[in-house]
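Input: a single structure, listed below in structure tokens.
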Amino acid sequence: MFKDMVDVYNRNLIGILLLMLFIIFPITSFIFIAIIQFSIEFEGNLSVFFLGYSLLFNFIICLPPFLWLTLRDFEDERAGLKECLTFFATQFGPLLFTSFLFYTLAIYTSWMMMVPTIVLLLFTIIYPFFSDYPSIKEMFVQAKNKIIEENIAIVVDMIIVVSVLLFLWAGMMFFIQNFNNNMLSYMLVRSLINMIIFPILYIYLTIRYRQKKEDFSMINI
């Protein structure tokens with residue numbers, strides 16, 4: 001699977017670099033600024049809620065163009081930049097609304113022994129990998145089936161993803177804390193880390209969850 005990921009990455013290197021520049025960098029930068037501004041204006045649970053959702057949304061919303069690029073590669077086709085950006089634009093609204101809904105439900109059911117919270121968070125992360133399906137209902141059905149089919153493996157995947165991101169962010173923050181830094185420096189570092197790591201995670205997880213031929217159901221854009 002690692003070899004497949006490297007092959008997809010190498011075949012689409014130019015497209016991936018452009019998507020890093022046009023999608024991951026501006027979105028990560030905007031979300032970082034929004035988190036800082038929100039934490040200044042609000043305190044307590046609301047600020048923590050927004051921080052958690054923003055980090056989750058950052059990962060989810062940058063996924064669609066890389067999903068499209070990888071699925072096209074599965075079919076031995078090359079996805080153009082315009083195609084990927086168009087797919088991103090069509091998925092932005094639905095993913096924004098549904099991810100906020102599921103995240104809110106996950107947080108406000110956390111008192112129920114954490115089980116609904118974990119299931120909802122897993123679902124929130126997994127269902128965007130089926131966003132090429134023509135309806136939200138089909139996306140949800142496919143995500144549900146995948147979670148039932150690979151429940152423990154998906155939990156392990158998510159633990160690895162979160163651990164890698166936290167380790168890299170913490171490591172980079174530790175490295176630059178001895179320098180004279182400002183918010184712009186931290187924003188650029190955070191954006192750079194996401195630009196490097198997100199495409200690798202997106203391609204790897206797409207191969208994990210969508211490598212079967214029967215999983216392909218690409219909408220027309």
Scanning for something modelled with pLDDT of 90 or more, farther than 22 Å from PHE97 by Cβ, outside any helix (DSSP H, G or I) and not acidic (Asp, Glu), does the stretch 44-58 turn up at least one residue?
no
Hey, among the residues in the stretch 74-91 that are out of contact with any helix residue (DSSP H, G or I) (no Cβ under 7 Å at 6 or more places or on another chain), in contact (Cβ under 8 Å) with a residue 24 or more places away in the chain and assigned to a loop (DSSP other than H, G, I, E, B), which one's surrounded by the fewest Cβ atoms within 10 Å (Cβ to Cβ)?
GLU75
The stretch 62-72 - residue that is touching a helix residue (DSSP H, G or I) at 6+ places or on another chain (Cβ under 6 Å) and hydrophobic (A, V, I, L, M, F, W, C) and, of those, surrounded by the fewest Cβ atoms within 10 Å (Cβ to Cβ):
LEU63
Please specify each residue of the stretch 22-52 satisfying the condition of being in contact (Cβ under 8 Å) with a residue 40 or more places away in the chain and surrounded by fewer than 19 Cβ atoms within 10 Å (Cβ to Cβ).
PHE22, PHE25, SER29, ILE33, ILE36, PHE49, GLY52
Residues LYS137, LYS213: which one is more than 27 Å from PHE49 (Cβ to Cβ) and either surrounded by 14 or more Cβ atoms within 10 Å (Cβ to Cβ) or at pLDDT 85 or above (or both)?
LYS137
Does any residue in the stretch 1-13 that is under 15 Å from ALA79 (Cα atoms) and surrounded by 14 or more Cβ atoms within 10 Å (Cβ to Cβ) come within less than 8 Å, Cβ to Cβ, of a residue that is among the charged types (D, E, K, R) and at pLDDT 95 or above six or more places away or on a different chain, and which pairs are these?
none
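The values are calculated or read from the model by the stated rules, or taken from the named source; none is laboratory data. Predicted model only: the values in this text are computed from it and were never measured. Neighbour counts are summed over all protein chains in view; Cβ atoms, including those assigned to glycine, are modelled from backbone coordinates with ideal geometry.
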